[in-house]
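Below: the structure, in structure tokens.
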Amino acid sequence: QEIMAKKRDEEEGKALEDSFNNPLVPEIRADEMIRGTKGAPLVLVEYSDFECPFCARGYNTVVELLEKYKGKIQFIYKHLPLSFHPQAMIASQYFEAIRIQSEDKAAEFHDRIYKDQRKLQGGENFLKALAKELKVDMNKLAKDVKSEAVKKRIDADIAEAGKYGFQGTPGFLLNGIPVKGAYPTQHFVDLVEKLKEKGKVKL
């Protein structure tokens with residue numbers, strides 16, 4: 001077991017080194033919702049599931065990183081709703097439908113779910129109530145939630161996550177370097193230091 005673990009560590013180390021030299025390049029759409037500072041040198045992309053408890057931990061890490069690297073980081077949220085989480089896909093659809101109306105309201109919707117995930121058990125009734133509370137145009141929302149555009153956007157995120165080998169959630173890319181799982185903030189800080197050492201980013 002010890003030999004296996006050592007071998008795995010070596011392989012992971014090698015994969016990490018490779019990713020510094022060949023970072024992954026996610027699609028950043030023209031209408032992407034960017035939190036933090038648009039055009040900042042640090043780019044954090046998350047593939048996430050609204051119902052996943054590890055993603056709630058990931059949310060706290062993102063909040064800490066946005067604070068720590070204020071003015072130097074941009075954050076992009078992408079979807080990876082897992083099939084065994086019954087509310088994950090519909091929550092993603094609501095997020096995208098709200099984003100069409102207002103990025104600020106979509107950001108608030110995202111934060112409110114991750115701060116108290118248990119409420120998601122209320123299903124679509126809870127999502128509707130939250131949207132109403134955020135003063136979203138409910139008629140437009142009802143159309144957009146089921147729209148082809150919203151479905152295609154979420155499907156594109158899922159396909160991109162799959163291409164990068166993210167099967168569980170959360171999955172992150174920090175300047176193209178993959179991080180699989182809800183790692184503590186320090187893990188990302190260490191990656192930033194490595195990026196700086198290697199001359200891949202200037203802060």
Output the 0 to 90 degree angle, nearest 10, between the alpha-carbon long axis of helix 2-21 and the longest principal axis computed from the alpha carbons of the chain.
80 degrees
How much net charge surrounds V179 when only other residues with a Cβ under 15 Å from its Cβ are counted (Lys, Arg +1; Asp, Glu -1)?
-3
May I ask you to evaluate 6.51 cos²θ - 1.76 cosθ + 1.60, the Karplus curve with θ = phi - 60°, for each residue of segment 98-108 and list the ³J(HN,Hα) values in order in whole Hz, giving x for glycine and proline?
6, 4, 4, 7, 7, 5, 4, 5, 5, 5, 5
Once ligands and nucleic acids are excluded and a 1.4 Å probe is used, how much of F54 is accessible, expressed in Å² to the nearest 10?
110 Å²
With every protein chain kept in place and ligands, DNA and RNA left out, what is the accessible area per residue of the chain? Probe 1.4 Å, answer in Å².
54 Å²
Rh (Kirkwood; distinct C-alpha pairs) - the chain, Å
17.8 Å
Inter-probe distance in nm under a simple model that places probes 7 Å from Cα toward Cβ, at V189 and T37:
1.9 nm
Taking the Cβ of M4 as the center, what net charge do the other residues with Cβ under 13 Å away carry, scoring Lys and Arg +1 and Asp and Glu -1?
-2
When the helices in the chain are scored as -39500 (n - 2.57) per DSSP H run of 4 or longer and the sum is shared across all residues, what 222 nm value do you end up with, to the nearest 500 deg cm²/dmol?
-17500 deg cm²/dmol
One finds, for E108 and A159 with R0 = 22 angstrom and r their Cβ-Cβ distance, a FRET efficiency to the nearest 0.05 of 0.20
Out of the total accessible area of segment 79-203 (probe 1.4 Å, heavy atoms of protein only), what percent is carbon and sulfur?
50 percent
Given T61, I90, I100, which one lies farthest toward the positive end of the charge dipole of the chain, if we put +1 on the Cβ of every Lys and Arg and -1 on the Cβ of every Asp and Glu?
I100
So how exposed is K70, as accessible area in Å² (1.4 Å probe, rounded to 10)?
140 Å²
In nanometres, what is the gap between the two model label sites at K140 and I3, each 7 Å from Cα along Cα-to-Cβ?
6.4 nm
Work from the charge dipole of the chain (Cβ charges, +1 for Lys and Arg, -1 for Asp and Glu, about the Cα centre) and give the residue of M138, G71, S19 farthest towards its positive end.
M138
Does a label point 7 Å from the Cα of N22, set along Cα-to-beta-carbon, have any residues of segment 159-203 with amide nitrogen under 17 Å, and which are they?
163-166, 176-179
Counting DSSP beta bridges in the chain, what percent are antiparallel, to the nearest 5?
60 percent
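The values are calculated or read from the model by the stated rules, or taken from the named source; none is laboratory data. Since this is a predicted model, take the numbers as computed values, not measurements. Using ideal geometry, Cβ is built from the backbone for each residue, glycine included, and neighbour counts are taken over all protein chains shown. Side chains are part of the model used for accessible areas, which takes the heavy atoms of the whole protein and leaves out ligands, DNA and RNA. Shrake-Rupley method; radii C 1.70, N 1.55, O 1.52, S 1.80 Å.
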